[in-house]
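Read the structure below first, then the notes.
The values are calculated or read from the model by the stated rules, or taken from the named source; none is laboratory data. Because the structure is predicted, anything quoted here is derived from the model rather than measured. Here the Cβ positions follow ideal geometry from the backbone for every residue, glycine too, while neighbour counts run over all protein chains shown. Accessible surface areas use protein heavy atoms only, side chains included; no ligands, DNA or RNA. Shrake-Rupley method; radii C 1.70, N 1.55, O 1.52, S 1.80 Å.
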Amino acid sequence: KLSSSMNKPDDFDVWRLPDDDSVQKVTVQKDTMVPNAVTLVIEREDHTVGNLLRMELLEDKEVLFSGYRVPHPLEPAIQLKVQTKSEDPGPVKAVDTAIERSVATLDKIGEAFAKAKARH
């Protein structure tokens, strides 16, 4: 659905998945040209999540490449590409680990914020 003033999608549709499950949050596409590589299409996310995951993946010694792109500014999705040294643990496992580490880091920040707020 487009807003009336421009070709821009409605803000509500840009960040919320449809209720009818017509759009999956994450899809994994195996790269047929590059060994041990996948592209994850993550719907309704932007540079915030893309850069967070990219940087966390680059901390993994098994990851050879991690990068993301926003295919088009009016499309609310990112494409995250990951290549690992081997199929074990593999790129999907590397992303899973990066998400777990990111959540743990955000939990620590939340705890530190709560302590600072209590002292304030």
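Among 46, 107, which is more than 21 Å from residue 24 (Cβ to Cβ) and either in contact with an Asp or Glu (Cβ under 6 Å, 6 or more places away or on another chain) or open to solvent by 40 Å² or more (accessible area, probe 1.4 Å) (or both)?
107
Going by what's in this entry, would residue 50 be described as on the phi > 0 side of the Ramachandran plot, of a type outside the set (Lys, Arg) and in contact with a strand residue (DSSP E or B) (Cβ under 7 Å, 6 or more places away or on another chain)?
no
Please enumerate the residues belonging to region 74-96 that are within 18 Å of residue 25 (Cα to Cα) and either β-branched (Val, Ile, Thr) or touching a Cys at 6+ places or on another chain (Cβ under 6 Å) (or both).
Matches in region 74-96: 78, 82, 92, 95.
Out of 10, 88, 60, 19, report the one residue that is over 29 Å from residue 104 (Cβ atoms) and either open to solvent by 60 Å² or more (accessible area, probe 1.4 Å) or modelled with pLDDT of 95 or more (or both).
19
Restricting attention to region 66-85, which residues are among the small types (Gly, Ala, Ser) and either in contact with a Gly (Cβ under 8 Å, 6 or more places away or on another chain) or open to solvent by 50 Å² or more (accessible area, probe 1.4 Å) (or both)?
none
Looking only at region 22-43, which residues are open to solvent by 50 Å² or more (accessible area, probe 1.4 Å), of a type in the set (A, V, I, L, M) and in contact with a strand residue (DSSP E or B) (Cβ under 8 Å, 6 or more places away or on another chain)?
26, 28, listed by residue number.
Can you run down the residue pairs with Cβ atoms below 9 Å, 6 or more apart or on separate chains, where the first is in region 24-53 and of a type in the set (Gly, Ala, Ser) and the partner is in a strand (DSSP E or B) and at pLDDT below 95?
none
Which one of these is more than 20 Å from residue 33 (Cβ to Cβ) and surrounded by 20 or more Cβ atoms within 10 Å (Cβ to Cβ): 94, 98?
98
What is the residue count in region 66-104 for residues that are in contact with an Asp or Glu (Cβ under 7 Å, 6 or more places away or on another chain), of a type in the set (D, E, K, R) and in a loop (DSSP other than H, G, I, E, B)?
1
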